Amino acid sequence: MACYTDEVVITVLLTIVHVLVCLFLIVVILLQSGKAADLAGAFGGMGSQTAFGPRGSATLLSKATTISTIVFMLTSISLSILATRGAGVNGTALTRHATKNAPAVPAPAKAPAQSAAPAGQTPAVPVQVAVPPAAQAPAPAKK
């Protein structure tokens, strides 16, 4: 029998609860009727002078929606915390990707030691310019 760590068991249980809450939330939201589902809403009437229409008493479906939404948010936050803690996040995705796939670049050659320049002057550093092979070839003659 395989031994699992507590963190793996908690993650699996939270994932199962999260999926079940998602499915329950979808069903509860689809079962609800809209605010303008009565006869007055069919003809454009608001039924009340409030800004967002009449506010009825909270039904069992609206209470179930509120509770399942809170549970959904808590499981989402918990799963994201467990995922980042287990991944050992060090920096951003771009820095991790760049260091993982970076080609091996040879270290630049050190410049030869320069002789000491007179006081107040900067020693001259030779500049090496690499010319691409295409630039060295003569241009074709035009006819």
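The values are calculated or read from the model by the stated rules, or taken from the named source; none is laboratory data. Remember, it's a predicted structure, so these values are computed and weren't measured experimentally. Glycine also receives a Cβ, built like all others from the backbone with ideal geometry; neighbour counts cover every protein chain displayed.
Tell me, which residue of region 41-60 that is in a helix (DSSP H, G or I) and exposed (fewer than 14 other Cβ atoms within 10 Å of the Cβ) is modelled with the lowest pLDDT?
Here is the first cut: in region 41-60, the ones in a helix (DSSP H, G or I) are 41-42, 60.
Cutting the leftovers down to exposed (fewer than 14 other Cβ atoms within 10 Å of the Cβ) gives us 42, 60.
Values: A42: 58, L60: 88.
Per the criteria, the residue is A42.
How many residues are over 23 Å from L31 (Cβ atoms), β-branched (V, I, T) and modelled with pLDDT of 90 or more if we restrict to region 61-84?
Adding up the residues that qualify gives 2.
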